[in-house]
Structure formats: structure tokens, C-alpha cells
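What follows is a set of notes on a single structure, which appears directly below.
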Amino acid sequence: MTTRTDARKRNVNYADADEESTPFIHVEASGPMEICEDDKKLRHVRKEERFHWDIWLTLTLQNWIFDFGRPIAALFVPLSMTPLNKPSIGDYFHMAYNVITPFCILKLLERSPRKVSPTLVYLSIITFVMGASIHLVGDSIDHRLVHLGYQLHLSVRDNPIMQQLKPEGLIDSFELLYSYDEEIGHLMWYIPFFISLFLYFCGCFRDVNDSSAKKGGILWWILTLFSAVYYWYLVTEGQISSVYLLTYVAMVFWMLREKVAGHALDINGRFLLYSFTAALILTVLWVAWLWNDAVLRKKYPGLLYVPEPWSYYTLYWKG
């Protein structure tokens, strides 16, 4: 009897010792579904919604001045100020654009509520700068040729000044230059540009019942309109309608996906989507207006017929 009693005591003592030596951890009961829901909510927790006026205004102004205004400066500033063997005012505008735009995109992605892969951001910005720099060289020579009688609404080989070149092999070199300017340069420039905007757009969502949601005022709508007109110019002059359409479709698809999940666009996301939508409408109206133009049809064959504004200028306005 004594042995059994001692054994029981020893067992109790061991149990007590184990309870005392084991640290007590309190775990609240929650299933895996609850954890998943909390994780989703955490990903959409955000500070008070605000419009990034500093970035969007800087980006829109410099787009209008340094990109849209670049060919205007290159063509209309007197040659006495910028000789043909020197960089034009438009070239300096392009250099400024190549620095300011990637900087604005980087700052924009830094403020994205959704974390973006740094590797993808770096690759996009590096490719953007490389493509825009290639375009700078080709576009500079292109606008210099306009002063000598080059007609933008004609192909390289059909231009009268090109047909006078000797030896004829020089025309091949100018066609290569045109390819770097209008095709390779544009694609390397605009594809990473739109990828960056789409990556930012993917994070521009809030809970549909979020009370901090903001509405755009009159200045916001004016900036949206100016941004839309610039994107119209980008699509038409840059000949990137396919890239633009793919980006727009991806944005709409992502918006519908988030809507099903109970999220709505914030004010920055609406700014991007409304700008893209208005630019698409302007592009459709532009194409419809010039649909039956035989001369422009010859230069822009194929399924997607989107004439360039500067080709229209040299065809109908330039004396």
C-alpha cells in the first residue's frame, strides 16, 4: 500500500512539475477560414484616401510640354537658333522627358498600396529609358529631315528626297533608322510604361463600404481630361493602339475581378481608368473621321488603322 501511495504522489509531483515548467501560451480559437479572411482584410487596410496631386500633375504637365510639345518646338523654332547639325530644342525636351517620366513612375509605384516586385519595377524602368533614348535619336533626325522636305505622311522609300539619294543603299539605312524610331524605340518605351501604370492600377482598390472614399472635384476632372488628350496623342502618334488596348482590357478585367471581391476603385484608380476610357473614345472618333482617307490608308495598312496626327499635319496643313 505504501509503495502504491508513494508512486501516486510521485506521478502527481511530476505532473505538477511539468505544468509549472511549461510556459503557458494562450491561443484564441479561430479556424483557417477566419485567418484567410483576416489576411484579405489586412491587404486592403489603408490610410485615408488621397489623390496624388504632386505626381499626377507633374506627370501630365511634363507630358504635354516635353512630349506633346517636343515636335512643335523642333519644327517651329527657327533653324538659326538650332542648326541642323546641332540638337534641337525638341531634343532637349526629349532628354528632360526621359528623366522626369521614369522618376514619376518610380514615385507612383512607391505609393502603391499593393507591394510591387522591385525586380519587375527596375526592369520596366531600365527598358523604358533605353527605348525612349533610342527614340530620341531617331526622332531627332526625323524632324530635321522635315525641314529639308521630308513628308511624314509618306513611307521612307516613297519620299521624294529619299528617291534622290545616291547610292540607293542609303535608303535602306534610313528605313532602319525609321524602324528604330517608330517601331523598336516605341515598343521598348511604351510597353514598360503601360506595364508600370497597370501594376500601380492593381493596387488602387478599397473596400466598397470605406467611408474615406473621395470624389473628384472640378480640378480633378480637368486634369483627367488633359491626361486623356495626351494618351490619345500617345496612342495615335506612337502607333501603339494594340499595346494600349491590351492594357485597357487588362485594367477593366482587374476592376471586375476586384468588384466581385467587394472592392471599388479609389480616386487614383478612377483617374487612370477615366483617362484611358476618354482617350479610347477620342481615338475611335479620330479613326472614324479619317476612315476614308486614301493617302493615309496607304501609309497605315493593316487591321488597326490609326493615322498619326503629324502625318495629317504634313499632308493637309503644311504648305
- Residues satisfying the stated conditions in the stretch 75-97, i.e. of a type in the set (D, E, K, R) and part of a helix (DSSP H, G or I): 91
- Within the stretch 175-232, the count of residues that are of a type in the set (A, V, I, L, M) and either without any contact (Cβ under 8 Å) to a residue 12 or more places away in the chain or over 22 Å from residue 129 (Cβ atoms) (or both) comes to 10
- Note on the structure: Exactly one of 152, 145 is closer than 22 Å to residue 295 by Cβ, in contact with an Asp or Glu (Cβ under 8 Å, 6 or more places away or on another chain) and not small (Gly, Ala, Ser), and that residue is 152
- Item | Condition met for residue 141 (closer than 19 Å to residue 238 by Cβ and either of a type outside the set (Ser, Thr, Tyr) or free of Cβ contacts under 8 Å to residues at least 40 places away in the same chain (or both)) | yes
- Note on the structure: Within the stretch 276-317, residues part of a loop (DSSP other than H, G, I, E, B) and surrounded by 13 or more Cβ atoms within 10 Å (Cβ to Cβ) come out as 290, 293, 300, 305, 306, 307, 308
- When the stretch 208-242 is examined, which residues are found to be modelled with pLDDT under 95 and among the β-branched types (Val, Ile, Thr)? 208, 240
- residue 128 meets each of (1) modelled with pLDDT under 90; (2) in a helix (DSSP H, G or I) with one exception, condition (1)
- Scanning the stretch 224-243 for residues that are of a type outside the set (A, V, I, L, M, F, W, C) and farther than 24 Å from residue 72 by Cα gives 242
- Item | Enumeration of residues in the stretch 105-125 that are touching a helix residue (DSSP H, G or I) at 6+ places or on another chain (Cβ under 9 Å), assigned to a helix (DSSP H, G or I) and β-branched (Val, Ile, Thr) | 105, 121, 125
- Confirm whether residue 264 is surrounded by fewer than 18 Cβ atoms within 10 Å (Cβ to Cβ) and assigned to a helix (DSSP H, G or I). no
- Quick one: is residue 140 buried (at least 19 other Cβ atoms within 10 Å of the Cβ), touching a His at 6+ places or on another chain (Cβ under 8 Å) and among the small types (Gly, Ala, Ser)? no
- Message: Residue pairs, Cβ under 8 Å, 6 or more apart or interchain, first in the stretch 115-131 and in contact (Cβ under 8 Å) with a residue 12 or more places away in the chain, second in a loop (DSSP other than H, G, I, E, B) and surrounded by 14 or more Cβ atoms within 10 Å (Cβ to Cβ). List them.
- Response: 116/203
- Item | Residues (of a type in the set (S, T, N, Q) and either assigned to a helix (DSSP H, G or I) or within 18 Å of residue 198 (Cβ to Cβ) (or both)) located in the stretch 219-246 | 224, 227, 236, 241, 242
- Message: I'd like to check something: does the stretch 190-198 contain any residue that is at pLDDT below 95, within 29 Å of the chain's Cα centre (by Cα) and among the small types (Gly, Ala, Ser)?
- Response: no
- Mind counting the residues in the stretch 182-235 that are among the aliphatic types (A, V, I, L, M), more than 23 Å from residue 282 (Cα to Cα) and touching a helix residue (DSSP H, G or I) at 6+ places or on another chain (Cβ under 6 Å)? 1
- For the subset of the stretch 135-160 comprising residues that are hydrophobic (A, V, I, L, M, F, W, C) and touching a Phe, Trp or Tyr at 6+ places or on another chain (Cβ under 6 Å), which member is modelled with the lowest pLDDT? 152
- residue 157, sole failed condition from (1) part of a loop (DSSP other than H, G, I, E, B); (2) in contact with a Leu (Cβ under 8 Å, 6 or more places away or on another chain): (2)
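Do the conditions hold for residue 259, that is, is it touching a residue at least 60 places away in the same chain (Cβ under 8 Å), of a type in the set (Lys, Arg) and surrounded by 13 or more Cβ atoms within 10 Å (Cβ to Cβ)?
When the stated conditions are applied, residue 259 does not pass them.
The values are calculated or read from the model by the stated rules, or taken from the named source; none is laboratory data. Remember, predicted model here, so these are calculated numbers, not experimental data. Glycine gets a Cβ as well: all are built from the backbone with ideal geometry, and neighbour counts include every protein chain shown.
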